[in-house]
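Student: Below: one structure in structure tokens.
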Amino acid sequence: MGMITNIKSMQGMGIYADRSARSPSLEFRRYNLVYGFNGSGKSTLSRLFASLEAGGPHPKLPEGGSFEVALDDGSTFGCPTTPAGLEQRLLVFNSDYIERNLQWAVGRANPVFYIGADQAEAAAELTRIEADIVKADTRKVAAAATEKGAEKAFVSLKRERAKSVASRLHLGNRKYEAPNLVKDYETWKDYDQPALTDDELKSAEDVRRLDEPMPRLEPVSFDKTTIGTAYRFIAEVCGQSLATVALAEVQDHPDMLLWLKQGYEYHEARGLAECLLCGNPISSERRALLGGALDATVDQFIARLTKTDERLRGLIEASARLEGQLPATVDLAMEFRPRYKDDRERLAGDVRELVERLGTLQTALTAKLERPATPVDMTGVASEQDVLATAERLASGLATINEAIAAHNQSIADFAKHKDAAETSIRRHFVIDCRDDFAKAAADLAKASDELKAETDGAIVLRDKARDLRRRIRTHGPAASVINKLIAAYLGHGELTIDPVDEGYELQRHGRPITGVPSEGEKTAIAIAYFLSSIEADNRKLKDVIVVVDDPVSSLDTKALNFACSLVRTRLDKAAQVFVLTHNLQCMNEFRKAWKGKAKPREGVEPTATFLFIDVTIAEGQERRTSTIKEMSKLLREYDSEYHFLFSHVFRFVTRPDAYDDHGYMIPNLIRRVLDVFLAFKCPGGGGLPSQLEKLCKDYPSLDRERLTALERLTQVESHSDNVDDLLSFSTMTLEETREAANTLFVMMEVVDPKHLVRLKSLCS
């Protein structure tokens, strides 16, 4: 089973300085002794471990704080991210444990537990169930990871697809996000029409871009019946001859008709008696003959041909103008353009073909005008069937064009509705495009969620079974004798006992129920005995558990303290890992002496114990105290008294007069404690500091009595400093007074016992 090797990170944990991955490792080992003065943060440290025991942040830890511990198997646990996993392995004894488990007001302890020998079968079943719980938790973690991955993939799909759709909708101030996509998917997941083509999608997008409707368009008119009527009339005219002209010359030379007519009219208009061409006189008979042959009928026929020619030219021009009358493709609403473009191109071709075929008829009519008396050769003229077919296609194409124009005009009239329809078509298009991926992602998530629920439900069932088994094997009666033996071993006497009643324990003294609350020492004794008896309850094995004990010797006398430390140490010797936190110097020394060989083994043997000290400082420029866990000083580790350790701080203060000392706030207390110990040996018998200083001055005349007043000042300011716990107190002495007192102390020690001073300085070097 893994052991805790380090506190990898710690932020916002009260008095403690923050730790990170770059902080030096604390090098926790199997046996760990942590010594710190009162107020240095031991309770906070014990609650950090208690959070892992409970599987959640301890309520008395600073709100918003976080931490993470590392195990030697590479796993990490901490709050608030991964608090669960060590609940069955980690046990913490501290003041919170006493408060939680012992109801002193009514003299009862709760809860009750003990695994009796007769519950072996239930215990074996519990062992099997607990192994199954570990496997179930592993599967649940894997299922949770799978669900998280599926959920992440599904969320990413919805978010990215919604983002893609939104970029095509041009919604302005409106949004289109994942929930909108989900709703659209539910609406169109069974839609059986195809998605939009690229052109249709582009057209719909163009509609969405419009801020206002496009202009209306006028339809294009064309009467195909005029084409057939004109063709037949002109063909008939071109095939006619002037049979009414009774003039032999015209019959023989019909092409001369117009020449003769013009010549006759010219001579008549000018009264010419002789022919301008031949010079011969024109007889009256000849005049009468020409006048009768070239009468008004010829004029009417020629006038008819001229008018027909004008109408044909107008018809051709009107047909040719049709192409120019067609709206440009870009003039239509976006969604009509793709089809309209092709229809317009076909119609333009039909227009040009009709103009070309009517042109052949124009050529024939022009020839007829030049030779009105002669039928025209019609072999080069387009057939009536081809002309009418072209006109029919043109009329049909124009009907299609006009339908597009009408649809365009209607979309303008319903502009808002038209934009909404374009939005709907785009959204539906993308649902169709992604619904297979959407359905697969949703199915994957649903499957993963079902599997996680199944694993979670399975783990709950197993835990319910384990809880029932623990209830079956838990009985408080047989535990009383075990706890009483531990209490007696802890206190060194058997006066105080507990007696099981109903669901708890009754506290007794000399076999009778106690009246009132037991002493602090007795409270601690009962609590630690109760705690030690519970370690192997609930089918736990001592070799598997990590035990944290915070100050197990509160208010005990020296004899009881030795018993207590020995009991705790021997009972926890086989545990997987032990942490002892204490502010009591004697308690620290008891564990230090027992574990010293484990912390500093012979060469070639790996250490199994770690000694740490909670150092409290005030950084330069700050007013707030800060605690840091560090390796225990050799002056605490190697000596039973704190004298050497305290002297080292005063020595550093004296030898660095210009440097800031982050322990400076407690230097007056340190000077007083060092002075007390030194004078206790040099001036035994007591009498108080002034009396002891007077004795020294008599024994050592070279001492400056006036200067020793700086030490007497300590009597007034630091009179309360009678143990190491007070070192966290703030002194009212000024920095100048403190420095004067420290220098005076060293001068006095130099005079009274120079060798002693030299050896102390050597130890501190």
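The numbers here are math on the coordinates, done by the rules we state, and not lab data. Worth saying up front: this structure is predicted, and the values here are computed from it rather than measured. Here the Cβ positions follow ideal geometry from the backbone for every residue, glycine too, while neighbour counts run over all protein chains shown.
Student: Please list, in order along the stretch 384-394, the HN-Hα scalar couplings obtained from phi with the Karplus expression 6.51 cos²θ - 1.76 cosθ + 1.60 (θ = phi - 60°), rounded to whole Hz, x for Gly and Pro.
Tutor: Values per residue, Gly and Pro as x: 4, 4, 5, 5, 5, 5, 5, 4, 5, 5, 5 Hz.
Student: Using per-residue counts of other Cβ atoms within 10 Å, averaged over each peptide, order 223-234, 84-95, 43-54 from highest down.
Tutor: 43-54, 84-95, 223-234
Student: Please give the net charge around A454, taking every other residue with its beta carbon less than 10 angstrom from that of A454, where Lys and Arg add +1 and Asp and Glu add -1.
Tutor: -1
Student: Right, here's the next one. D499 to V155: FRET efficiency via 1/(1 + (r/R0)^6), r the Cβ-Cβ distance, R0 60 Å, to the nearest 0.05?
Tutor: With a Förster radius of 60 Å, E is 0.50.
Student: Around K148, with a cut-off of 13 angstrom between Cβ atoms, what is the net charge of the other residues, counting Lys and Arg +1 and Asp and Glu -1?
Tutor: Counting the neighbours of K148, the net charge comes to -2.
Student: Once you place label points 7 Å from the Cα toward the Cβ at E631 and E63, how far apart are they in nm?
Tutor: 4.1 nm
Student: Another question about this same structure. Work through the residues other than A318 whose Cβ is under 11 Å from its Cβ and net out their charges, Lys, Arg +1 and Asp, Glu -1.
Tutor: Summing Lys and Arg as +1 and Asp and Glu as -1 gives +1.
Student: Right, here's the next one. Once you place label points 7 Å from the Cα toward the Cβ at A195 and D73, how far apart are they in nm?
Tutor: Taking the two extended label points, one gets 4.9 nm.
Student: Quick one: Cα centre-to-centre distance for the stretch 147-205 and the stretch 444-461, in angstrom?
Tutor: The distance from the Cα centre of the stretch 147-205 to that of the stretch 444-461 comes to 30 Å.
Student: At a Förster radius of 22 Å, what calculated FRET efficiency corresponds to the Cβ-Cβ distance of Q11 and R624, to the nearest 0.05?
Tutor: 0.90
Student: Sticking with this one: Simple spin-label model, 7 Å along Cα-to-Cβ: A144 to S691 in nm?
Tutor: Going from the A144 label point to the S691 one covers 6.8 nm.
Student: Moving on. Multiply the residue gap between D436 and T400 by 0.36 nm, knock off their C-alpha separation, and tell me the result in nm, one decimal place.
Tutor: 9.2 nm
Student: Same structure again: For K574 and V654, what is the calculated FRET efficiency with R₀ set at 45 Å and r taken between the beta-carbons, to the nearest 0.05?
Tutor: 0.45
Student: Could you sort the peptides 529-542, 320-333 by per-residue average Cβ neighbour count (10 Å cutoff), highest mean leading?
Tutor: By packing density, highest mean first, the sequence is 529-542, 320-333.
Student: Quote to one decimal, in nm, the extra length available between D386 and R509 on full extension: 0.36 nm per residue of separation minus the C-alpha distance between them.
Tutor: Between D386 and R509, full extension yields 31.2 nm more.
Student: Can I ask one more? Check Y16: other-chain or 5+ apart residues with amide H under 5 Å from its amide H, H built from backbone geometry?
Tutor: S627
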